[in-house]
1. Would you confirm whether or not the stretch C:437-455 contains a residue that is under 16 Å from the mean Cα position of the chain (by Cα) and closer than 19 Å to C:S329 by Cβ?
2. Is at least one residue of the stretch B:70-77 within 12 Å of chain A (Cβ to nearest Cβ) and either under 23 Å from C:E120 (Cα atoms) or of a type in the set (D, E) (or both)?
3. Inspect all residues belonging to the stretch C:405-416 and state whether any of them is farther than 22 Å from C:Y68 by Cβ, outside any strand (DSSP E or B), among the acidic types (D, E) and within 14 Å of chain A (Cβ to nearest Cβ).
4. So, restricting to strands (runs of 3 or more DSSP E) that lie completely within the stretch C:296-402, which ones have at least 1 residues that are away from chain A (no Cβ under 14 Å) and under 30 Å from C:D152 (Cβ atoms)?
5. Tell me which residues, restricted to the stretch C:484-504, are under 16 Å from C:G150 (Cα atoms) and not hydrophobic (A, V, I, L, M, F, W, C).
6. I'd like the residue in the stretch B:261-304 that is outside any helix (DSSP H, G or I) and within 12 Å of chain C (Cβ to nearest Cβ) and, out of all such residues, is modelled with the highest pLDDT.
Amino acid sequence: MAKKEMQLERDVEVDIDITQRKRIGRSLGEKIFDGANYIVVTLICLICLYPMLYVLFASISNGNALYTHVGPIWAPLQPMTLDGYVKVLANPDIVSGYINTIIYVVFGTLFAMALTILGAYVLSRKGYKLKKFFTMFVVLTMYLSGGMIPTFIVVRNLGMLDTRLAIIIVGSVSTWNMIVMKTAFSAVPQGLEEAAIIDGANELQVLTRVILPTTKATLAVIVLFYSVGIWNSWFNSMIYLQHRELYPLQLFLREILVEDSALEGSMDIQSGVGVNYIKPLLKYCTIIVSTVPILCVYPFVQKYFVKGVMMGSLKE
Amino acid sequence: MTKTVAKKVPKPPKNSLAGKRGGWAADFRKHKMLYAMFAVVMIYYIVFHYLPMAGIVMAFQNFRPAKGFLESDWVGMKNFIDFFSGPYAGRLIRNTIVLNLYLLIFGFPAPIIFALMLNEMRAKRYKSVMQTVSYMPHFVSAVVACGIVSLFCQSSGLLTSLFHLLGLSDQVDMLAYPQYFRSIYVIMDIWQSLGWGSIIYLATLSNVDLNLYEAADIDGAGRFRKIWNITLPALLPVIVVQLIMRIGSMMSLGAGNVILLYRASTYETSDIISSYVYRAGLQNQKYSLGTAVDLFNSIINIGLLTGANYVSRKVTEESLW
Amino acid sequence: MKKILALLLALTLIIGVFAACGGDNSSSSQQESSSKQEESSKEETSGESSEASEDNGGETEPTGEITYPLAESVNLTWWHPLRAPSYQSSHDDNSVWKKIAENVGVTIEWIHPASGTETEQLNMLLVSGNLPDIIQIDGLIQNSGGSSAGVDDGSFVDLTDYIPEYAPDYMRAITASDLAYAMATTADGRVTEFDQIKQTAPQYSRVNVRNDIMEEIGWKDRLPETIDDYTEMYAAMKEKGYYGYRTDRNGRDSQLMYAYGIGNGFYINEDGKVAYGMWTDTYRDYLRQVREWIAAGYVHPDWTSKEADTSALFAQKEIGMYIMPSDISYGLAKLNGYEITCVNYPRLKSGDKFRFETTTWDAVPADGIRTVVTTDCEKAGRLEAAMALLNYGYTEEGAELYNWGIEDEAYTRDSSGSKTFTDLILNNDKIPMSDGQYIYKLHFGPKLAEPDVQCNPGTIGDPKALYWRELYSDDATVSSDAIIFASLTVDQSVARGDIMTNVETYMNESTLHFLLGEKDINDDAAWTEYMDTLSSMDIEGAIAITQEALDDFNAKSIPTDWAFH
């Protein structure tokens, strides 16, 4: 809390300073710029908001009205109904799906972060002979891959089929994330590292005492990327898991989604008189149910971006 | 201190065996912790990435899942020849590259600019709300997102009317005509990835020392000066790395959005390698053809990647390796 | 002695077939000659079932009955996609499956893949090499050769020699007609899977028009019959501010093409040879007509779009006609408060014959419901039990259980023996009928299915729906002469598939260019270019492959030596 106040104070100080020195400059050009900036950003965000609104409205619309509606939606179609949500949430598998997903997200992120941090740290160091080789070694995997079937065979031979371990480990480390993290690690001021080394720190300690604390923003971002990625993923689960007790949320939700789209394609000609138009509705409820938790998590992670690096360690 | 000392040690003469051994052995001794740390990572990659790479042989086979790699018939280069001698190979490659170029020119800078705009905003709460809203399209499933885009591009759709007013199009179902496809595709991509893509840049920016801005203010620098001299250089490493990796995927473009947006009447500009392979896979077994095409794309991509990396290193001193 | 036995067994076969089908076929005499496929399909098109006609005149009869329940209980594993995943996540909870297992005398251990990506999961299953006893492959691997490829790969069992002894009722079902036999076996006469056998007629997909719009244009008691009638009708609709219809997004509406005498794909032309509908000069006539309609504004402008849902447009009174299964169209109309009329197949000229009836009056493999037994099962010694389980659906008792569900739960039987579904299926608040029919009865399965007009809750649940379905089914000008019922072998399928990817890309693209006016359909040079390009893509090769498959199909007849031990 104190830090925040200090931050704000600093901002105000800076502002006052400038206004005192360049009153005319700020009030014209920069104010216009600021104003335009706000307008453009708001416009962009309204456009970005629309799809979520669309999904939200659709999810509480009447199923039949939704099915026979032509054109985009600007408000929930009457009569509004929560039937879709009732159906999705009443699905007995939802609870086990949520629990499994949380397990996979937590442990998957931990595992991925561990390896990513180690890899990124080593790649960001200078002056050792194998650096180029290591970098190429990991980057190549982004471009060359055996594909679904060979990976499946490896997993099978390791005896990991139908286990939670498969979901937590296989395909969890993203080279792209590692490169991003490496870039951030490389940008940490040399001085900080040298100071620690003088104090007798080894590589591991440099990592934990210097690098990690000063790159919290990037770390937070990568944690976000991994968590969201695992939360949304269903492909690996679909291939490696056979028992429904291990399925993550997304797999169950996809089943509901697919049932609806199967209707659109090769419509079951037998189902005429009894078609219940709740199915198109489910598609949208599914998206909301699977997205809202993540949207709630983001604000917590966001605070790491807002604050900057704590200045002063260099000067002190 | 240790590092400076190390730099001063003279290199041993090239042909001396003792020197050679000394070079590597000393290196291992000095950096053994680094190597140990990376060993863990390497094991993971070897098991889950390099071992499965053996499966690339599928590209040279007529792969059948039940027969596996050992029993499936070998067809040599047939999969490649079939694909490239087809009447559409040229068009598919062209469309893939052109779309990727459009995405590079328009789609790549968009999140950066957006991050810069957000960064200049002072009202913190408003800024964070805007941020959250901006990446919502990323979470809406592709099917729904493309559905919305299609609706707006219909003959009486909003987007069509807007374009018509601006004189950019006729009042028709825009997605039915090849000349609009690329623009719509790119606009949609920007819309979806703008917010989410800006996160990494915002995070990098938040690492920038505020003292620098303070110092610039004292020196009398204006807004744009500050952006040019402080903000952009701070972003440069991330931008360069992202750019290199983007160039290194010029030959690949996922079929997802394309398949949801294209029609047979727009194949001229919309049919790309992956969407064609998808259709081919619907006719008969997919695996061998898909693997062969992916392999070809990968080889080209790696070439592009190496090239981009080299150029970047020479020009900006930032590079992947 | 042999002759008497043959007669007796043939009689059993006839009676068995009658019982299973609910007796809607007239009696027919036995024919001693082994007839060619073409001849019997001509007979069948008259609308009467000829499944009782014994065309083989030989000794291909099953040895007898299987006694259920089986003496020794066996545990069988069955990989089966879920049909109603959001209401029932395992067949362990399904009362009908439990009863079936109980009646057969086995226990079934179910393995269910996650819905949506069953093909990938099935392929992974085959890769993993650890196969369950029975796999419900349905249409999942048809593109890569289906069950016969699986047999060649060594995953599935070649059932041919086992059928007569271990699955006699299935044998009866597939030998009931030449068409059934030809469709249920591979090109070389092997049986590699258990197919659902069903009489699919009468036709479900019909032209529908909205009564209110028809009245507005003054067509209260008139229905379109010829293509020119449609032009007149669309013009009238347009005048009143409606669109006529919305073309299929690829520009090809099957029933309209059929009116011209060409198929929407491979078909058999008047000379009895295989042709490809989109590579004929008649196709140009069709395109010309549709182009005229589009240019005149009769067709909804967003017709190339996936999103402009035809049903929605029809329900919103934006278009006056569409082509849709009558059950669904009727259901939609009922829910939204308007009325429809179903129209017979369109013709080019009044009184033209229609050769493209896609449904059959014979009970043949239908809906693409396929079950296989794996070699792992055979190695473990459970083959007989597995086949007995799968055979059960073709017995009288078994078929009734599959088709109707459990008595007094899913249906009730009155004093005269006729069955009606209960509200559990027809009017269930919690589970819509389209899902209930997979839970309280087994709408799809390895069984002898009853025709929709007898046994489909969606069709018989409402008398009006039934009426629309049965209308026009006695039209004597309608036949299936042009329809190819043959399937391709793995090699043929791969070879033809390779050609068709490019052919279809070019054909679809060009069709839309002609219909959108980007290319001029009246320009002879443009048309010649179209036809020549398709030729250069080897469409003739694809036709030849199909012809080969058709010839093999027609040459099939129920073998005389398919008897048993």
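The values are calculated or read from the model by the stated rules, or taken from the named source; none is laboratory data. All figures in this text were calculated on a predicted structure; none of them were measured in a lab. Cβ atoms come from the backbone with ideal geometry, glycine included; neighbour counts cover every protein chain shown.
1. Checked the stretch C:437-455: at least one residue is under 16 Å from the mean Cα position of the chain (by Cα) and closer than 19 Å to C:S329 by Cβ.
2. The first filter runs over the stretch B:70-77 and keeps only residues within 12 Å of chain A (Cβ to nearest Cβ), leaving B:70, B:72.
Checking the rest, the ones that are also either under 23 Å from C:E120 (Cα atoms) or of a type in the set (D, E) (or both) come to B:70, B:72.
Yes, that holds for at least one residue.
3. Step one: of the stretch C:405-416, the residues farther than 22 Å from C:Y68 by Cβ are C:412, C:414-416.
Filter once more, keeping what is outside any strand (DSSP E or B): C:414-416.
Then keep just the ones that are among the acidic types (D, E); that gives C:414.
Those left that are additionally within 14 Å of chain A (Cβ to nearest Cβ): none.
For the stretch C:405-416, residues farther than 22 Å from C:Y68 by Cβ, outside any strand (DSSP E or B), among the acidic types (D, E) and within 14 Å of chain A (Cβ to nearest Cβ): absent.
4. On the way: elements: C:321-325, C:340-343, C:363-373.
Fully inside the stretch C:296-402 and qualifying: C:363-373.
5. C:S487, C:T489, C:D491, C:Q492, C:S493 - these are the residues of the stretch C:484-504 that are under 16 Å from C:G150 (Cα atoms) and not hydrophobic (A, V, I, L, M, F, W, C).
6. Looking only at the stretch B:261-304, we keep the residues that are outside any helix (DSSP H, G or I), and these are B:262-263, B:271-272, B:284-286.
Keeping just the survivors that are within 12 Å of chain C (Cβ to nearest Cβ) gives B:262-263, B:271, B:284-286.
On the way: B:Y262: 92, B:R263: 91, B:D271: 95, B:N284: 68, B:Q285: 65, B:K286: 70.
Among them, the one singled out is B:D271.
For every residue, the table says whether it meets (1) of a type in the set (K, R); (2) crowded, with 20+ Cβ neighbours inside 10 Å; (3) not in a helix (DSSP H, G or I).
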| position | (1), (2), (3) |
| --- | --- |
| A:F137 | no, yes, no |
| A:T141 | no, no, no |
| A:L165 | no, no, no |
| A:M178 | no, yes, no |
| A:K182 | yes, yes, no |
| A:I211 | no, yes, no |
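One line per residue, one yes/no per condition, for (1) buried (at least 22 other Cβ atoms within 10 Å of the Cβ); (2) touching a residue at least 60 places away in the same chain (Cβ under 8 Å):
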residue: B:R223; (1), (2): no, yes
residue: B:S249; (1), (2): no, yes
residue: B:D271; (1), (2): yes, yes
residue: B:T291; (1), (2): yes, yes
residue: B:S298; (1), (2): no, no
residue: B:K314; (1), (2): no, no
residue: B:W321; (1), (2): no, no
